[in-house]
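The values are calculated or read from the model by the stated rules, or taken from the named source; none is laboratory data. As the structure is a computational prediction, the values presented were derived from the model and not from experiment. Counting neighbours? That spans all protein chains shown, and the Cβs are built from the backbone with ideal geometry, glycine included. Quick note on the areas: whole protein, heavy atoms, side chains included, nothing else; ligands and nucleic acids left out. Shrake-Rupley method; radii C 1.70, N 1.55, O 1.52, S 1.80 Å.
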Amino acid sequence: MRKKNESLRASIFETLKNRKKSRATHAGERTRPEGTLIASYNVHKCVGADRRFDPDRVSRVIHEIDADVIGLQEADTRFGERTGLLDLRRLERETGLIPVPVAGATKAHGWHGNVVLFKQGTVRDVHQINLPGLEPRGALLAEIELARGGVLRIIAAHLGLLHRSRAQQTRLIAELMRSDNDTPTVLLGDLNEWRLGDRSSLNTFQAAFGPLPPAVPSFPSTLPLLALDRIMANRRGLISTVEVHDSPLSRVASDHLPIKAVVSLKTLRAETEARSESA
């Protein structure tokens, strides 16, 4: 436990150090990484750290990230018809990102506020998962054949605030992975777990996604101390180091910073080819 706390403290210090460096470099001027960039972003219903509702500001952060695949949380209103809060048509024009289709959505962007957007590829399968617990929570499972090669399964989730609910929700996702762990899979989202060590509900993921990547503080966006947002994969070497997208705009557009990682196309293609040969 002590080692994990020291690792988290080191990650917090690294975030603050990088924040100082980034003041001299605009986010749009950063080098685009090689590979397929994936990201996760809790947009907080487009209400920023300054308590101002501004969907355009959130869209500009998404534009900054320049991800090939991104999972959003809280992209719809929470109650009633769960109306979508972003201009997805404009986002597609400006970034090329299109949403994975969800059944039964009329005014909502996604499923329980979860949206998966991708740039190039073909959606092969989509499942909308109701997660157990006291709050209405869900996960969106999408299998995407990427245009650059390889099939990637994305599980985009937003887990509950209560520890007991998170324990139930992680067990359900782990059970889904036990039923099919052959497909290269990335789990991403706001998992709402700030505990480390034996008390963490994310320990349930050790069998499918272990060893879990180091916790990267992403909340609150103004001074990130808690690693509520996570990206993890069911294959070693499938994703690069997870990091926050920290820019002047992202610090105010939502109460969470986006997080991101790069999928290794070489690893993904090898996994996809091996799976095809064994089928």
Study note, to complete from the structure: Compactness check, the range 87-233: C-alpha Rg relative to the 2.2 N^0.38 Å globular estimate gives 1.06
Point to revise | Descending semi-axes in whole angstrom, ellipsoid equivalent of the range 51-144, from the Cα gyration tensor | key: 21, 18, 11
Review point. So for the chain: antiparallel DSSP bridges make up what percent, rounded to the nearest 5?
Key: 80
**Study point:** Isotropic mean projected area of the C-alpha convex hull, the range 135-213 (nm²)
**Key:** 5.6
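Using a probe radius of 1.4 Å on heavy atoms only, what accessible surface per residue do you get for the chain? Whole Å² is fine.
On the way: 13220 Å² over 279 residues.
Computed with neighbouring chains in place, this is 47 Å² per residue.
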Check your understanding: Residue-wise, which Karplus ³J(HN,Hα) couplings in Hz belong to the range 220-227, taking 6.51 cos²θ - 1.76 cosθ + 1.60, θ = phi - 60°, and x for glycine or proline?
Key -> x, 5, 6, 7, x, 10, 10, 8
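Summing -39500 (n - 2.57) over the DSSP H runs of n ≥ 4 in the chain and dividing by its residue number, what mean residue ellipticity at 222 nm do you reach, to the nearest 500 deg cm²/dmol? Before the final figure, lay out each step's value.
Details: 7 runs with 79 residues, N = 279.
The helix-only estimate for the chain comes to -8500 deg cm²/dmol at 222 nm.
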Point to revise | Gap separating the Cα centres of the range 229-251 and the range 42-106, nearest whole Å | key: 18
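Determine the share of the chain's accessible area contributed by carbon and sulfur atoms, expressed in whole percent, with a 1.4 angstrom probe.
On the way: 6830 of 13220 Å².
Solvent-exposed carbon and sulfur of the chain make up 52 percent of the total.
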**Study point:** Projected-area average for the range 175-219 over all orientations - Cα convex hull basis, square nanometres
**Key:** 3.6
Check your understanding: Hey, which aspartates and glutamates would be in cross-link range of K107, C-alpha to C-alpha under 15 Å, not counting anything within fewer than 8 residues on its own chain?
Key -> E74, D76, E81, D87
**Study point:** Volume of the Cα convex hull of the range 220-279, divided per residue and given in Å³
**Key:** 103
Check your understanding: Fully extended, how many nm does the chain gain between L212 and R236 (0.36 nm per residue separation, minus their Cα-Cα distance)?
Key -> 7.6 nm
Check your understanding: Taking 0.36 nm per intervening residue step and subtracting the Cα-Cα distance, what contour gain separates A174 from R52 on full extension?
Key -> 40.2 nm
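Using the scaling law 2.2 N^0.38 Å as the reference, what is the normalised Cα Rg of the range 175-272? All intermediate terms of the calculation are to be shown ahead of the outcome.
On the way: Rg = 14.4 Å, N = 98, 2.2 N^0.38 = 12.6 Å.
Normalised Cα radius of gyration, the range 175-272: 1.14.
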Revision key, fill the gap. Probe 1.4 Å, all chains present, heavy atoms only: R251 accessible area in Å², nearest 10, is 40
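Using 0.36 nm times the number of residues separating N130 and H163, minus their current alpha carbon distance, what extension gain do you get?
Working: separation 33, 0.36 × 33 = 11.88 nm, distance 1.73 nm.
Once the chain is fully extended between N130 and H163, it gains 10.2 nm.
Place the peptides 259-267, 233-241 in order of packing, highest mean first, counting for every residue the other Cβ atoms within 10 Å and averaging per peptide.
Numbers: 259-267: 21.1, 233-241: 17.8.
My ranking of the peptides, most packed first, is 259-267, 233-241.
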Check your understanding: Scattering from the C-alpha atoms of the range 114-181 alone, worked out with Debye: what is log10 I(q)/I(0) at q = 0.14, 0.23, 0.29 1/Å?
Key -> -0.47, -0.97, -1.26
Check your understanding: the chain: Rg/Rh from Cα coordinates, Kirkwood Rh?
Key -> 0.93
